[in-house]
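Here is the structure we will look at, set down as structure tokens.
The values are calculated or read from the model by the stated rules, or taken from the named source; none is laboratory data. These numbers come from a predicted model, not from an experiment. Glycine gets a Cβ as well: all are built from the backbone with ideal geometry, and neighbour counts include every protein chain shown. SASA here: full protein model, heavy atoms, side chains in, ligands and nucleic acids out. Shrake-Rupley method; radii C 1.70, N 1.55, O 1.52, S 1.80 Å.
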Amino acid sequence: LAVSPDGRFLYAAEQNGNAIATFERIGGGKLAYQGCISESLKAGLTTCAQTNARGLYGVTGLAISPDGARLYAVSYADNALVTFARSSAGPLTDLSCESTGAASLCSEPNAPGLANAQQVAVNGDGSRIYVVTLEGALSTFAPTGLGTTEVGCLSAKGKEAACTSAGADLEGGTGIVLAPAAAPGGGSLYTASFFAQAVDAFAIDPASGLPIPLAGGDACVAAAGSSAGCGVTGHGLNSADGIAASADGRNIYVASRGEQAVLCGSSKCSD
């Protein structure tokens, strides 16, 4: 979900329908459905007003620029970061998309560090967009006239050869949050890593806007027995997923899916 800066509109990513839905807040917390935009060429919803959007195959994450003019979406199946123009009345217009590989319909198919993209975040002045992926990458983009351009990427365990080694184990990145208030300079960034069972911390270079892995015990916190190689262990980080920061940036909260295994005949099923 993503809420517009003025609080008037809410947007929902619909992973199975390859679509983004728009709702208007009409008072008392109630929502009025406005419509949707989808990528119908890849089995997306065909009932949306616009069905030819690109890069929404398996859309999972949304973020809105601080000025409300743009909505960014990421998709794990299209390996893409998509840019939409957003009007003050709520509707979205497809501008452009970047992706890793040629499987998507994006016009920029050679941006490394977007394979299995999961979540996206925008910094306080809208000058940098950050994407975290299940493949263990943390990629940084800058807005352009009609979309975005990549300015750098970090990768765990060398999975993304074109990216710089992260130093931290980002494998299975599912969540990302910025906490600018608590740190000097460019602030800080945190990611939740599902497979690494960890939370990773980064400083943000104030000049370039690029994340910088921290050193030693400041770099990450992981569940006991994790292969992340963190010097600090924490409880409840098995299958870390959702992540959020307090308003003052001094506390980070992480939710974990965990895992329960049950016997289904002769096979194990996990929820």
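How many residues does the range 105-128 contain that are within 21 Å of residue 41 (Cβ to Cβ), in a loop (DSSP other than H, G, I, E, B) and open to solvent by 10 Å² or more (accessible area, probe 1.4 Å)?
Total satisfying the criteria: 6.
Taking the range 247-271 as the region of interest, how many residues are in a strand (DSSP E or B), modelled with pLDDT of 80 or more and open to solvent by 60 Å² or more (accessible area, probe 1.4 Å)? Show your work before the answer.
Of the range 247-271, the ones in a strand (DSSP E or B) are 252-256, 261-264, 267-270.
Next, from what is left, pick out any that are modelled with pLDDT of 80 or more: 252-256.
After this cut, where a residue has to be open to solvent by 60 Å² or more (accessible area, probe 1.4 Å) as well, the list is 253.
Matching residues across the range 247-271 total 1.
Residue by residue through the range 212-228, note down the ones that are open to solvent by less than 30 Å² (accessible area, probe 1.4 Å) and part of a strand (DSSP E or B).
Of everything in the range 212-228, those that are open to solvent by less than 30 Å² (accessible area, probe 1.4 Å) and part of a strand (DSSP E or B) turn out to be 220, 222.
Pairs needed: first member in the range 1-27, touching a residue at least 12 places away in the same chain (Cβ under 8 Å) and within 18 Å of residue 93 (Cα to Cα); second member anywhere, small (Gly, Ala, Ser) and open to solvent by 50 Å² or more (accessible area, probe 1.4 Å); C-beta distance under 8 Å; at least 6 residues apart or different chains.
18/43
Take the range 139-154 and flag every residue that is over 14 Å from residue 189 (Cβ atoms) and either of a type in the set (Asp, Glu) or buried (at least 24 other Cβ atoms within 10 Å of the Cβ) (or both).
Correct list: 148, 150.
Among the residues of the range 229-246, which ones are part of a loop (DSSP other than H, G, I, E, B) and either closer than 18 Å to residue 174 by Cβ or charged (D, E, K, R) (or both)?
Passing the criteria: 230, 234, 236, 237, 238, 239.
Looking at (1) within 22 Å of residue 136 (Cβ to Cβ); (2) of a type outside the set (Phe, Trp, Tyr); (3) touching a helix residue (DSSP H, G or I) at 6+ places or on another chain (Cβ under 7 Å), which is the one condition that is false for residue 51?
Failing condition for residue 51: (1).
Residues being crowded, with 24+ Cβ neighbours inside 10 Å and more than 14 Å from residue 73 (Cα to Cα): count how many of those fall in the range 129-138.
Count: 4.
Given 120, 151, 132, which one is in contact with a Gly (Cβ under 9 Å, 6 or more places away or on another chain), touching a residue at least 12 places away in the same chain (Cβ under 8 Å), closer than 16 Å to residue 95 by Cβ and not charged (D, E, K, R)?
120
In contact (Cβ under 8 Å) with a residue 24 or more places away in the chain, open to solvent by 30 Å² or more (accessible area, probe 1.4 Å) and either farther than 25 Å from residue 140 by Cα or not aliphatic (A, V, I, L, M) (or both): does that describe residue 241?
Numbers: in contact (Cβ under 8 Å) with a residue 24 or more places away in the chain: yes; open to solvent by 30 Å² or more (accessible area, probe 1.4 Å): yes; either farther than 25 Å from residue 140 by Cα or not aliphatic (A, V, I, L, M) (or both): yes.
Criteria met by residue 241.
Identify the residue in the range 69-79 that is modelled with pLDDT of 95 or more and over 10 Å from the mean Cα position of the chain (by Cα) and, among all such residues, is farthest from residue 106 (Cα to Cα).
The residue in question is 69.
Could you list all residues from the range 1-59 that are among the hydroxyl-bearing types (Ser, Thr, Tyr), open to solvent by less than 40 Å² (accessible area, probe 1.4 Å), out of contact with any Leu (no Cβ under 8 Å at 6 or more places or on another chain) and in a loop (DSSP other than H, G, I, E, B)?
The answer is none; no residue qualifies.
Here's a check for you: in the range 60-98, which residue that is assigned to a strand (DSSP E or B) and among the polar types (S, T, N, Q) is most open to solvent (accessible area, probe 1.4 Å)?
Residues of the range 60-98 that are assigned to a strand (DSSP E or B), as a first pass: 60-64, 70-75, 80-86, 92-98.
Now narrow it down to the ones that are among the polar types (S, T, N, Q): 60, 75, 83, 93, 96.
On the way: 60: 31, 75: 0, 83: 1, 93: 76, 96: 21 Å².
Residue satisfying both the conditions and the ranking: 93.
Consider residue 201 carefully, then state whether it is in a loop (DSSP other than H, G, I, E, B), more than 19 Å from residue 142 (Cα to Cα), touching a Ser or Thr at 6+ places or on another chain (Cβ under 9 Å) and of a type outside the set (Val, Ile, Thr).
no
Quick check on the range 137-154. Is at least one of its residues over 20 Å from residue 122 (Cα atoms) and in a strand (DSSP E or B)?
No, the conditions are met nowhere in the range 137-154.
Suppose the filter is open to solvent by less than 10 Å² (accessible area, probe 1.4 Å), at pLDDT below 80 and of a type in the set (Gly, Ala, Ser); does residue 172 pass it?
Details: open to solvent by less than 10 Å² (accessible area, probe 1.4 Å): yes; at pLDDT below 80: yes; of a type in the set (Gly, Ala, Ser): yes.
Here the answer is yes, as residue 172 does meet what is asked.
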